[in-house]
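Here's the structure we're looking at; comments come further down.
Read-outs throughout are calculated quantities, based only on the coordinates presented, and are distinct from any laboratory measurement. Just so it is clear, the structure is predicted and the values come from calculations on it, not from any experiment. Positions of Cβ are backbone-derived with ideal geometry, glycine not excepted, and every protein chain shown enters the neighbour counts.
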Amino acid sequence: MPARDPAGDAVPSTVERSDDKAVRTWEKTYESALETYDDDGARARRTAFAALKHTHEKVGDHWEPKERNGPSDEQAERGGADSDLPTAGGVDANASKEHLMDLARRLDVPGRSSMTKDELVEALDKASRRETRKAREKD
C-alpha cells in the first residue's frame, strides 16, 4: 500500500514512475519519519527524498539506481534534510563528468559539450524538472 502523508498525498509521481526499490525506499523512510517526527509530513518527505538520493538519481521524470550508493550533493554529505544548503534536485552532483554528459545526451540538453561539471548538474536539474512537469500534465 502506498505511503500517505497526513494531508492525504500519495507517493510522489516521480517516485511512482521509478523502479520498485525506489518506491520501497521512499515509502519505508517516509513512514518511519512520520512516526519519528511530529509534524505535518513536510519533514518526513524531505527525509524520504534524502534517503532516496543515496541510492537513486533523478533522470527526467523518474529516479534511476545510481552506479554507486552515497550522498548526491554537499547537503547530503553533511547529513541534514533540514540544512539550508542548496541541493542538486536529485542529480548526482558527485558523479563523474562523463556520467553527467551521458545523462545530458539522454535528456537532449543543448550546449552540453561545452559545459563545466557544475553547469551540467544545473542543466540536468532543469531538464529533469521540465520532464517532470510534462509527465504530470499527462497524468
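Per-structure values
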{"quantity": "Extension reserve of the residue 126-residue 96 stretch, reckoned as 0.36 nm per residue once the Cα distance is removed", "calculated": "8.9 nm"}
{"quantity": "Dipole of the chain, positive end: most advanced residue of 76, 32, 93 [Cβ charges, Cα centre]", "calculated": "93"}
{"quantity": "Sorted largest first, extent of the chain alpha carbons per principal axis (Å)", "calculated": "47, 36, 24"}
{"quantity": "Cα radius of gyration and Dmax for region 5-79 (Å)", "calculated": "12.0, 34"}
{"quantity": "Cα centroid separation - region 6-67 against region 99-123, whole Å", "calculated": "25"}
{"quantity": "Partner lysines for residue 134 [C-alpha distance under 23 Å; skip if fewer than 8 residues away on the same chain]", "calculated": "53, 58, 126"}
{"quantity": "Test item: Cα-centred dipole of the chain, Lys/Arg +1 and Asp/Glu -1 on Cβ, debye", "calculated": "460"}
